[in-house]
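A short worksheet on the structure shown next.
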Amino acid sequence: MKKKALILTGGGDCPGLNAVIRGVVKRAEQTDDWEVVGSIQSFDGVLHEPQEIVELNGSNVAGIHYQGGTILGTTTKGGPFAWPVQGKDGAWDFVDRSDEMIQKLKDMGVEAVISIGGDGSQRISNRLYDQGLNIIGVPKTIDNDLLSTDYTFGYQTAVQVATEAVDRLVTTAASHNRVIILEVMGRDAGWISLSSAIAGGAEVCLIPEIPYNLNVILEKINTRFKKGRGHVIIVVAEGAVEQGGGALSEVSDEIGNENLKLGGVAHKLLHDLKAAGCDVDMRETVLGHLQRGGTPTAFDRILATQFGVAAMELAIEGNFGKMVAYQHPNIVPVPFLEAVKDQNFVGPDSALVATARGTGMSLGDK
């Protein structure tokens, strides 16, 4: 009887998830000992009644590596440690179903779980491993904010999408002598914003790691306009903060989703600039979930496939409690505790920041 590996995708979607799934299945098929199944919507598929578990094989993963999203579905709500339950009075409560879920997995004959997800998902994986579950992590986030891996798949695709947006905005800004502010994702990390700003040749980039001064931005804009003619592209991360201020966010009203919703900084910046006396024509654009969907770049397909193959190899070896990571040029296993101990932020003295400043780009601080 073959051993069974279960794979799932949790948290926000991102380009490359399907390539990981395919990589896991393809590697498993190189053995005579393993079969792969998938849980629909992260761990929810295991906990649902009836369960939502699908067989994964070479036939139904063929050609999925270039597709965005995930054939298994995903969710940012609830989970085995905080399963939402609505009482008779309509109020919601959360229960811990982790022990129950682990037992269900044992009853299914699952000998290895491969969890694809970001920081939050890997923290859940670590807790489940501590409770005795044979689990392996695969890092996934467009934000590139996991410290133990050089890159996460999905990031390069998000940068490509954001760069293409900058390219398109440059032509319309120049045609109308405008300042255009582009808000991109990244939560508390500025990787997407700074990389796309450099690639697209933006004049200003605002990232969470370097709080901005409104007057500095205003001065930069003024240097770009003569007699009302000129243009400026400002790329701003959704988590960017003004000096002495905080990120714009609101508490999610979705049951089971504890994440703060970031956004609105482009709108605020535009109105703050106007209030400070900037009299040029200005527009704002929020790129939003366009960065999460669509076809992954070749880089992300390759990295995701490497992660999938490496994760399945760890399962074959019985090497659990680890997350696969890219540490150039190798794919290596990293203990969960090391993988989630901190986040990967853009260093104010990093080479990427130095490159931006070296091109004359303003980061809003000086």
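The values are calculated or read from the model by the stated rules, or taken from the named source; none is laboratory data. Just so it is clear, the structure is predicted and the values come from calculations on it, not from any experiment. Here the Cβ is made from the backbone with ideal geometry for all residues, glycine too, and neighbour counts use every protein chain on show.
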Just the residues that are assigned to a helix (DSSP H, G or I) and at pLDDT 95 or above, please, taken from segment 99-123. Asp99, Glu100, Met101, Ile102, Gln103, Lys104, Leu105, Lys106, Asp107, Met108
Condition met for Ser193 (within 30 Å of Thr76 (Cα to Cα), part of a helix (DSSP H, G or I), at pLDDT 95 or above and of a type outside the set (A, V, I, L, M, F, W, C)): yes
In segment 211-240, anything farther than 13 Å from Met282 by Cβ and buried (at least 22 other Cβ atoms within 10 Å of the Cβ) is listed as Tyr212, Val235, Ala237, Glu238, Gly239, Ala240
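State whether the residues of segment 348-360 include one that is over 22 Å from Ala19 (Cβ atoms), in a loop (DSSP other than H, G, I, E, B), among the hydroxyl-bearing types (Ser, Thr, Tyr) and within 22 Å of the chain's Cα centre (by Cα).
Yes.
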Yes/no for Asp107 being touching a residue at least 24 places away in the same chain (Cβ under 8 Å), over 19 Å from Asp13 (Cα atoms) and surrounded by fewer than 13 Cβ atoms within 10 Å (Cβ to Cβ): no
Which condition does Ser175 not pass, out of (1) in a helix (DSSP H, G or I); (2) crowded, with 23+ Cβ neighbours inside 10 Å; (3) more than 22 Å from the chain's Cα centre (by Cα), if it passes all the others? (2)
Applying the selection to segment 108-152, what residues are farther than 19 Å from Asn319 by Cα and not polar (S, T, N, Q)? Met108, Gly118, Asp119, Gly120, Lys140, Ile142, Asp143, Asp145, Leu146, Leu147, Asp150, Tyr151
